[in-house]
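Below: the structure, in structure tokens.
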Amino acid sequence: MPTTTPPRNWTKASWKDFSALQQPSWPDQASVDKVLAELSILPPLVFAGEIRSLKKLLAQAVTGDAFLLQGGDCSENFSQITAPKIRESLKVLLQMAVTLTYAGAVPVIKVGRIAGQFAKPRSSDTEQVGDLILSSYRGDMVNDAEPTVEARLPNPKRMLKGYNMAASTLNLLRAFTRGGFAALHRVQAWNQEFVSQSPMGRSYERMARQIDQAIKFMETIGISMDTPQINQAQFFTSHEALLLGYEESLTRIDSTTGDWYDCSAHMLWIGERTRQVDGAHVEFLRGVLNPIGVKLGPDYDIDNIKQLIDVLNPDNDPGRLTLITRFGMNNVEEALPPLLRELKREGRNIVWSCDPMHANTYTAESGHKTRSFNDILNEVTSFFEIHWAEGTIPGGVHFELTGENVTECTGGARDIIDEDLNYNYQTTCDPRLNAEQSLEVAFQLAEMIRR
Ligand code: PEP
Ligand code: CO
């Protein structure tokens, strides 16, 4: 018997009776079906027990006893699934997490936008490049970013490749996090070469030395260091659940409980563009027991959000639902308080997370899509201040970032300006904080969390 009966009328395919926005126009349905049939017999990528652990941790973030750090690429690229790239992404998240844990004095739940963040919603179906009108790039699991007609043709075989890429990424992440790389003895070694000489790198170095001393002290007085808390890191994966055929094919019954889980990642989120209460994405995710995130932009309707919560978390289960607000630094002060007040009044259990990226995007004169470090920091700071004022809990943050030395967002300690963006602009979708900017945000956040 399942411990929880699936919601009424739900099956893993019931989403097909609802309207699914942002799906690719696959050229031929038979080849899509063939790929999905293949995927549905391949092993799950994550296990139900791990998903349940994450949900328990997120329940602590509802009450402020843990803090969610979610981050990674806007869209992962197949060509970037290499050991160094995965290592650098993990490293910067570990550095941020240890900064928040040590300087902010709160346990940090580490969730990567990694090992499956391959599908993108787009504002427009087409894009003009020179004289060409091309189908928009929709993530490596759908088409290729290269601006040619052929490259942009959706190809369902890319879903199989995405599964394999996610599997090999996860394999390395598991090795790194369990096999000693993420051990607290190595906090100093995580500092990145190009960051170490910067003011951020030096602050990090100082903190890492203090952590080292604390560990040596504990060892000296005979506390065993041979524990997973010291030697391993708990690291979880997440992506936007966008391609519902793919998600369905990885949705399985957990043999120990009889419950349904989407085993493509530990946490899934629904994007701002696909969170319709009567839409296919909400229908699909209401039936799986994973922790679910929902992105919320400034034009939300409060009754609509309440209906959404009723559908996705009817039992008010803490840890099940994370609301990821992405209002923009100019809208957050108006948009956030009424939402917090109303949901607090109703006693809803919510992990409140702030995505300060997606509503602070602009196009630089150089033509690059960018975000300014100060705008990002401003939105996060307002998010914290508003929660304090309302008596609610700021439970987490959601960033687009990379461990690489890219120049995609302006500002930060190195004061990247518009003219610098071209120097190392790599993203195929949205601009990411580089490792140094990410660490700088973490130090600022730690100050706020410790309050
Ligand atoms: C994203 O997280 O990359 C994204 C598209 O976000 P949103 O749905 O908030 O626009
Ligand atoms: Co993005």
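The values are calculated or read from the model by the stated rules, or taken from the named source; none is laboratory data. The structure displayed is predicted, hence computed values, not measured ones. With ideal geometry, Cβ positions are generated from the backbone for all residues, glycine too; neighbour counts draw on all protein chains shown. All accessible areas refer to the heavy atoms of the entire protein, side chains included, with ligands and DNA or RNA removed. Shrake-Rupley method; radii C 1.70, N 1.55, O 1.52, S 1.80 Å.
Numerical summary
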item	result
Qualifying position, being among the acidic types (Asp, Glu), more than 24 Å from residue 123 (Cα to Cα) and part of a loop (DSSP other than H, G, I, E, B), among 436, 404	404
Subset tally (residues that are surrounded by 18 or more Cβ atoms within 10 Å (Cβ to Cβ) and either basic (Lys, Arg) or free of Cβ contacts under 8 Å to residues at least 40 places away in the same chain (or both)) for region 107-133	3
Filter result (over 30 Å from residue 183 (Cα atoms) and either among the basic types (Lys, Arg) or within 16 Å of ligand 1 (Cβ to nearest atom) (or both)) within region 248-269	252
Qualifying residues in region 322-360 (those that are out of contact with any Pro (no Cβ under 7 Å at 6 or more places or on another chain) and of a type in the set (Val, Ile, Thr)) - the one nearest to ligand 2 (Cβ to nearest atom)	324
Of residues in region 401-445 being more than 25 Å from residue 110 (Cβ to Cβ) and of a type in the set (Val, Ile, Thr), the one farthest from ligand 1 (Cβ to nearest atom)	417
Odd one out for residue 96, checked against (1) within 15 Å of ligand 1 (Cβ to nearest atom); (2) touching a residue at least 60 places away in the same chain (Cβ under 8 Å); (3) not β-branched (Val, Ile, Thr)	(1)
Every residue from region 161-179 that is in contact (Cβ under 8 Å) with a residue 60 or more places away in the chain and either open to solvent by 30 Å² or more (accessible area, probe 1.4 Å) or closer than 17 Å to residue 88 by Cβ (or both)	161, 165, 167, 168, 169, 170, 172, 173, 176, 177
Residue 390 vs. criteria more than 16 Å from ligand 1 (Cβ to nearest atom) and either more than 26 Å from residue 84 (Cβ to Cβ) or surrounded by 22 or more Cβ atoms within 10 Å (Cβ to Cβ) (or both)	yes
Test set (1) closer than 30 Å to residue 155 by Cα; (2) touching a strand residue (DSSP E or B) at 6+ places or on another chain (Cβ under 7 Å); (3) open to solvent by 10 Å² or more (accessible area, probe 1.4 Å) - residue 239 fails condition number	(3)
Region 285-311: number of residues that are within 16 Å of ligand 2 (Cβ to nearest atom) and within 18 Å of residue 338 (Cα to Cα)	4
Flag for residue 205 being buried (at least 18 other Cβ atoms within 10 Å of the Cβ) and without any contact (Cβ under 8 Å) to a residue 40 or more places away in the chain	no
Some residue of region 138-146 being open to solvent by 10 Å² or more (accessible area, probe 1.4 Å) and more than 16 Å from ligand 1 (Cβ to nearest atom)	yes
Near pairs, Cβ below 8 angstrom, 6+ apart or cross-chain, from region 216-243 (more than 16 Å from residue 183 (Cα to Cα)) to any residue that is of a type in the set (Asp, Glu)	236/50; 241/247; 241/262
Failed condition for residue 189, given (1) among the aliphatic types (A, V, I, L, M); (2) surrounded by fewer than 18 Cβ atoms within 10 Å (Cβ to Cβ); (3) closer than 27 Å to residue 75 by Cα	(3)
Of the criteria (1) in a helix (DSSP H, G or I); (2) open to solvent by less than 40 Å² (accessible area, probe 1.4 Å); (3) within 14 Å of residue 445 (Cα to Cα); (4) away from ligand 1 (no atom under 16 Å from the Cβ), which one residue 395 fails	(1)
Residues (open to solvent by less than 10 Å² (accessible area, probe 1.4 Å), within 16 Å of ligand 2 (Cβ to nearest atom) and either more than 22 Å from residue 448 (Cα to Cα) or free of Cβ contacts under 8 Å to residues at least 24 places away in the same chain (or both)) located in region 398-437	402, 406, 408, 409, 431
Test: residue in region 243-255 that is more than 16 Å from ligand 2 (Cβ to nearest atom), aromatic (Phe, Trp, Tyr) and in contact with a Leu (Cβ under 8 Å, 6 or more places away or on another chain)	yes
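Okay, residues lined up against (1) over 30 Å from residue 140 (Cα atoms); (2) among the hydroxyl-bearing types (Ser, Thr, Tyr); (3) touching an Asp or Glu at 6+ places or on another chain (Cβ under 6 Å):
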| residue | (1), (2), (3) |
| --- | --- |
| 169 | no, yes, no |
| 176 | no, no, no |
| 181 | no, no, no |
| 185 | yes, no, no |
| 188 | yes, no, no |
